[in-house]
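Here is the structure we will look at.
The values are calculated or read from the model by the stated rules, or taken from the named source; none is laboratory data. Owing to the predicted nature of the structure, the values given are computational and were not obtained by experimental measurement. Cβ coordinates were reconstructed from backbone atoms using ideal geometry, including for glycine residues, and neighbour counts include every protein chain displayed. Remember, those area values only see protein heavy atoms, side chains included, never the ligands or the DNA or RNA. Shrake-Rupley method; radii C 1.70, N 1.55, O 1.52, S 1.80 Å.
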Amino acid sequence: MPRLLFRNAAVVFPDQVRTGSVLVDDGKILDVDAGAVSADEVIDCTGLHLMPGVIDDQVHFRDPGLTHKEDLATASRACAAGGVTSFLEMPNTKPPAVTLQGVREKEQNAARKSLVNYGFYIGATPDNVAELATAADVPGIKIFIGSSTGNLLVDEQEALERIFAETTLPICAHCEDEQTVRANALKFAGTTDIHDHSNIRNVEAAVVATKRATELAKRHKHRFHVLHVSTAAELPLLADAAPYVTAEVCPHHLFFNVDDYDRLGTRIQMNPSIKTADDNRQLFAALLAGTIQVIATDHAPHTLEEKSQAYPQSPSGLPAVENSLALMLNQVAAGRCTISQVAAWMCDAPARVWGIVGKGRIEPGYDADLVLVDLAKQKTIHDAQQHTKSKWSPWDSETLTGWPVQTFLGGRRVYDDTAGFDESIRGDKLDFDHSRGGFWKTPDGIGTR
Ligand code: DOR
């Protein structure tokens, strides 16, 4: 594999940005302070930032079974174009990935099709705890405590207790309370108003489920990750449940709110639903304060035809994987955060939460999954130019400042915004080490389960 020198880059470390040269050999970072050493390729990075590749820990890539919406080839191209070098995919495919065998089949499919690195969660059902307890070599277990797209749901207390008691893999969950959502749906039966999506999947639904799940995590001392936090009201629950609990927020919950329904309609119909402008502000503040550690997209493509059905026939979900980094770099341009914070939320933290070996930082010995970004570049998002098979974005027509311009996977250039993709590259299955105790340590210094 060629030896690469990223010369004169603004290198993004967790605590600082330092100008220097990064040497990559045999797919790994060899030196982060290289001088004028020789290399097979010297990339002049003057004016550009070099950051670790993004790890998106929540995506729905629809393969197998729903490949008219997306597949691993189109989705992974979208990843590469967006600076995402690794993804963790959710089990609500068709069939759902609720056995280790099902997960292994998805990995084999990814080995054939994916341009970037991959891992697949195993999904919980009310009666597969024995399978979950013996599963290994996966990022973790996904529970739908409230149902969303697909038919995965575990909301019986006894089944949840068993999963937390009898398994050791990290658990993550979609936290919207099923009973609350069903009761609200009855109250709003017959509605065709998209605004009611946020009345049905309301703040209470999110809070009840997040409280229930974080209590299970604390009681069973089980490592637990709250997916897509959508309300400010959940934040005290997260703070209270540390060190057992980590959490993430998605760009749509940071940047869209109920006032956008009139403009965007079902394009921003998501589960959990989007909430208010105040929630947007408080969720961003929680990232800055460290109460939320991770940004992921919940990339959930549906075709525009499916989305254009009248609410509530329209499905919930939006594509985002190719725009998430640019959306956050745009926040850097606006002065709301630093690029080191973006790298912490999108690269380092997901690697630590899921025990992903060798990813998430620019450090000697780490894999050379890297993104060159141009913080000054302005580009407008257009539906037709999206790489996702669904060919649309809720951010259509928005101009962002700060874009990834080249993406490298193990030192190989998989995407260049002028030359396009290197279609010959295939990603690797991610390596998970759950023995490290997860993101947090308990107060007595012992890693959580
Ligand atoms: O709105 C959503 N759609 N939320 C999810 O968590 C899943 C998703 C999907 O798979 O379509």
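Looking at region 256-274, which of its residues are among the small types (Gly, Ala, Ser) and buried (at least 22 other Cβ atoms within 10 Å of the Cβ)? Passing the criteria: only 273.
Just one of the numbered conditions (1) of a type outside the set (Lys, Arg); (2) in a loop (DSSP other than H, G, I, E, B); (3) open to solvent by less than 10 Å² (accessible area, probe 1.4 Å) is not true of residue 311: (3). Applying a threshold of 6 Å to beta carbon distances and a minimum spacing of six or more residues, or different chains, the list of pairs starting in region 353-374 at a residue that is aromatic (Phe, Trp, Tyr) and ending at one that is at pLDDT 95 or above reads 354/139; 366/29; 366/358. Could you list, in sequence order, the residues of region 170-214 that are more than 16 Å from the ligand (Cβ to nearest atom), outside any helix (DSSP H, G or I) and touching a residue at least 60 places away in the same chain (Cβ under 8 Å)? Scanning region 170-214 gives 170, 191, 192, 193. If only residues of region 64-90 that are buried (at least 24 other Cβ atoms within 10 Å of the Cβ) and under 16 Å from residue 103 (Cα atoms) are counted, the one that is nearest to the ligand (Cβ to nearest atom) is 90. Cβ-Cβ distances below 7 Å connect the following pairs, each with a first residue in region 254-270 that is farther than 16 Å from residue 397 by Cα, a second residue that is within 15 Å of the ligand (Cβ to nearest atom) and of a type in the set (Phe, Trp, Tyr), and a separation of six or more residues or different chains: 266/311; 269/311. Identify all residues within region 429-446 that are in a loop (DSSP other than H, G, I, E, B), crowded, with 17+ Cβ neighbours inside 10 Å and modelled with pLDDT of 95 or more; write none if there are none. Of everything in region 429-446, just one residue is in a loop (DSSP other than H, G, I, E, B), crowded, with 17+ Cβ neighbours inside 10 Å and modelled with pLDDT of 95 or more, namely 430.
Listed here are the residues, each with its yes/no results for (1) farther than 28 Å from residue 355 by Cα; (2) open to solvent by less than 10 Å² (accessible area, probe 1.4 Å); (3) within 16 Å of the ligand (Cβ to nearest atom); (4) not charged (D, E, K, R).
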residue: 276; (1), (2), (3), (4): yes, no, no, yes
residue: 303; (1), (2), (3), (4): yes, no, yes, yes
residue: 315; (1), (2), (3), (4): yes, no, yes, yes
residue: 338; (1), (2), (3), (4): no, no, no, yes
